[in-house]
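S.K.: Quick one: the structure is below, questions incoming.
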């Protein structure tokens, strides 16, 4: 197949948008019985666009599926099919199906062919059961109005009537030249009061330069409320069923026509004159309900025949204006309603350019090389200055000294620009975490249904940005943790109710930036983890000996879930529990130079916290030397550097450890790992012992001390990949160049720690302080306090 | 779609095409200028093609201008209402350039099929002017 990567990524983007629209519709339906019709229109357009795109690229399976789906969505949009849970489920199923079809495009040979037929059969079945329409619901409406509505507009009108809203016609007239401004202003106001169904223009025969507009809208507000909200001179509101009318008077002569709960900005004066007229149905059962008048006192505004609020009421449904409701923070603003979609179908949905990350890496490398050139130039400048000084004792020769100064000024300017350039490239690599969160929302929904658990997902901080590479690598670990939370954490509804919790379980996913790190927290309010059970399980599996377990702390016990092969359930379920869970999560996070902590309390829930660097492309590094070789250590995994004396080092079962503030720290000699030969420790003349520098590095929940000869300093380094010969060497993550044209290797702390703790940890557990396998992290303690109630897990 | 329609019309070299972005822009342009042919989609935001048709027919100078309504679905309801509002012809997508040109010919031969039974064929008065 010859599908371009552009097709795949663009299609993926559309599918993600589609899925987000569905999630939002579902959320709104859950909160009331109404949803924003623009969302459904948006979903329809997404699928339509996908169809156009895939037909251009010749991906027939996707064309076929999106075509059928488009028909279904159109029927839903026009109210020919009811938008109920089963319809929504089917739509969500299509999201997965699209995803798998797309995966098949990327790798035509991988996996089984995607089975679409059974889905299409279900789709066809859905279409067979159309809803009964109460055809006479609009019998009171003037045919001259109904006659010019499109099918879609008529459906929206019916929908508004069904939801118990009153139908109004608002009369406004606009100056032809200023119609855009005038209409936009009016539209914005009307939006707060209900749904604008359509605009019925008519030429004002009296004046050539004006247009009369009838605006058809559904609203649960009364005429006075509506008129009050519009507050534009000359606008009339007409209730279409009763024919009641209210003309908004000129502001100057209005003797306080209405109380104003939300004062509106001054009307845009004479360019527009507007009236509101009410269309309502006397047959509405809830017509007597005058709840709507509570907001605005009887108006009796001198100038017009304003009715008492109640008549136009229909203010019965609580969720009447569901669209204003509960949208999450991650909601992207909808593009303006468009036509059938053909005008946009060939254009991209967003103003973006997709760039292969490798190209950015290349640019980043070039910037790094420029920085080296800059360093060399600076060097030359310094040498010239020295020569100058030597040749002209008693003062620089004025001209060449002048040139030298100019040269050095320019170098400084160049330096500033270079760092801006570097910053700019870094920012290009950043993407919001929302990209992953959206996918997770879908997973939660699906798993929740499959496991018959009612689950609410709260997302915050979706706008937090991270390097694209990191965001990509995060989705699998997060997915795994969410599966765990749903499978092991959240209880069945009955169980929850029995222990006095709300029926619906809550999982919250939040992200925030803290310094140059990003923290992601995943919290559930499920049954939590009992550290005693985990401890006993660990003993049974042989991860911990019985005697060790007797004085293990809760914090240490909980962290045993990160041990490879650990699983708290005896039986694997569909969702998780195959025992490959948390240790893989930990490994993935470590690979990103991140850390993971867990806290849990039986009966209350669990919280996982991941801390990640913002980017991996350029990092701050600690430059060290050992056995005459220079290395860089990523600073984000360095917790501290300390100096120890050789007599403080103890040997436990062949592994060196040192006690730091009561905690036992395993030591690794880089010179031994890389077989570099003798270290050059500094002999302390006073004590006659060697002094050693130890760089304490932490990854995930482990800490290790790296023994080095010297600390040379900190520096920003651009990481470059290393050649094939070195790639096999464990413990090396890449190479970088320091300012003086030296190539230096960057240590892969994750591997070093991983290799070391395997052997060392067991020894530490049985020998020295218990804290050897405790939770290590450099989180500040203050934040933990806010959460409270998590017990003494000792973050 | 709009590009497609414009391309077809310009290929004919008989029309100078004037595009507008939405229904409100059309409302502004129509009473001021004289057009030889009006083409509109039925599904537009705010002002639909049917409503635009009704508006055009209220404007004296455009009471008999050929007007074609395009729709993405062959909705019988929409077609009936568009024709009742005074459209000259209705074309459902997808259509070929040939089908579109035939619709133009029909529209010019009889701009107001809703008014007459016989079809007086009195259309085709202005060829030159711009188009929507």
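S.K.: Does residue B:50 satisfy being in contact with a helix residue (DSSP H, G or I) (Cβ under 9 Å, 6 or more places away or on another chain), in a strand (DSSP E or B) and surrounded by 20 or more Cβ atoms within 10 Å (Cβ to Cβ)? Before the answer, list the steps.
M.R.: Working: in contact with a helix residue (DSSP H, G or I) (Cβ under 9 Å, 6 or more places away or on another chain): yes; in a strand (DSSP E or B): no; surrounded by 20 or more Cβ atoms within 10 Å (Cβ to Cβ): yes.
Spelling it out, it is not the case that residue B:50 is in contact with a helix residue (DSSP H, G or I) (Cβ under 9 Å, 6 or more places away or on another chain), in a strand (DSSP E or B) and surrounded by 20 or more Cβ atoms within 10 Å (Cβ to Cβ).
S.K.: With the requirement that a residue be more than 7 Å from chain A (Cβ to nearest Cβ) and over 20 Å from residue B:102 (Cβ atoms), what does segment B:65-85 give you?
M.R.: Going through segment B:65-85, the residues more than 7 Å from chain A (Cβ to nearest Cβ) turn out to be B:65-71, B:74, B:76, B:79-80, B:82-83.
B:76, B:80 - these are the residues of segment B:65-85 that are more than 7 Å from chain A (Cβ to nearest Cβ) and over 20 Å from residue B:102 (Cβ atoms).
S.K.: Being more than 7 Å from chain A (Cβ to nearest Cβ) and out of contact with any strand residue (DSSP E or B) (no Cβ under 8 Å at 6 or more places or on another chain) is the filter; apply it to segment B:30-56 and report the residue that is farthest from residue A:175 (Cα to Cα).
M.R.: Quick first cut of segment B:30-56, residues more than 7 Å from chain A (Cβ to nearest Cβ) only: B:30, B:32-40, B:49, B:52-53, B:56.
Remaining after also requiring out of contact with any strand residue (DSSP E or B) (no Cβ under 8 Å at 6 or more places or on another chain): B:32, B:34.
On the way: B:32: 13, B:34: 19 Å.
Across segment B:30-56, the extreme among qualifying residues is B:34.
S.K.: Determine which member of the set A:154, A:159 is assigned to a helix (DSSP H, G or I) and either at pLDDT below 80 or away from chain B (no Cβ under 14 Å) (or both). Don't jump to the end; show me each part of the working.
M.R.: On the way: A:154 fails: either at pLDDT below 80 or away from chain B (no Cβ under 14 Å) (or both).
When all the criteria are applied, what remains is A:159.
S.K.: Find the residue count for segment A:596-641, including only residues that are under 24 Å from the mean Cα position of the chain (by Cα) and on the phi > 0 side of the Ramachandran plot.
M.R.: 1
S.K.: Where in segment A:384-493 are there helices (runs of 4 or more DSSP H), lying fully within it, with 2 or more residues that are closer than 19 Å to residue A:19 by Cα? Spell out the reasoning first.
M.R.: Details: elements: A:398-428, A:434-450, A:468-484.
Hits in segment A:384-493: A:434-450, A:468-484.
S.K.: Can you tell me which residue is modelled with the highest pLDDT among those in segment A:344-390 that are within 14 Å of chain B (Cβ to nearest Cβ) and surrounded by fewer than 17 Cβ atoms within 10 Å (Cβ to Cβ)?
M.R.: At the first step, the residues of segment A:344-390 found to be within 14 Å of chain B (Cβ to nearest Cβ) are A:344-347.
Adding the requirement that they be surrounded by fewer than 17 Cβ atoms within 10 Å (Cβ to Cβ) leaves A:346-347.
Numbers: A:346: 43, A:347: 47.
Per the stated criteria, the residue is A:347.
S.K.: Do you know which of the residues in segment B:86-109 that are assigned to a helix (DSSP H, G or I) and in contact with a helix residue (DSSP H, G or I) (Cβ under 9 Å, 6 or more places away or on another chain) is nearest to the other protein chains (Cβ to nearest Cβ)?
M.R.: Here is the first cut: in segment B:86-109, the ones assigned to a helix (DSSP H, G or I) are B:97-109.
If we keep only those that are in contact with a helix residue (DSSP H, G or I) (Cβ under 9 Å, 6 or more places away or on another chain) too, we end up with B:97, B:100-101, B:104.
Values: B:97: 15, B:100: 14, B:101: 19, B:104: 19 Å.
So, considering only residues that are assigned to a helix (DSSP H, G or I) and in contact with a helix residue (DSSP H, G or I) (Cβ under 9 Å, 6 or more places away or on another chain), the one nearest to the other protein chains (Cβ to nearest Cβ) is B:100.
S.K.: Which count do you get for residues in segment B:36-47 that are within 19 Å of residue A:41 (Cα to Cα) and outside any loop (DSSP other than H, G, I, E, B)? Reasoning before the result, please.
M.R.: Restricting attention to segment B:36-47, the residues satisfying the condition of being within 19 Å of residue A:41 (Cα to Cα) are B:41-47.
Now drop any that are not outside any loop (DSSP other than H, G, I, E, B), which leaves B:41.
Qualifying residue count, segment B:36-47: 1.
S.K.: So, in segment B:1-21, exactly how many residues are within 14 Å of chain A (Cβ to nearest Cβ), surrounded by 16 or more Cβ atoms within 10 Å (Cβ to Cβ) and modelled with pLDDT of 75 or more?
M.R.: 1
The values are calculated or read from the model by the stated rules, or taken from the named source; none is laboratory data. Not measured: the values here are computed from a predicted model. As a convention, Cβ positions derive from the backbone with ideal geometry for all residues, glycine included, and neighbour counts pool all protein chains shown.
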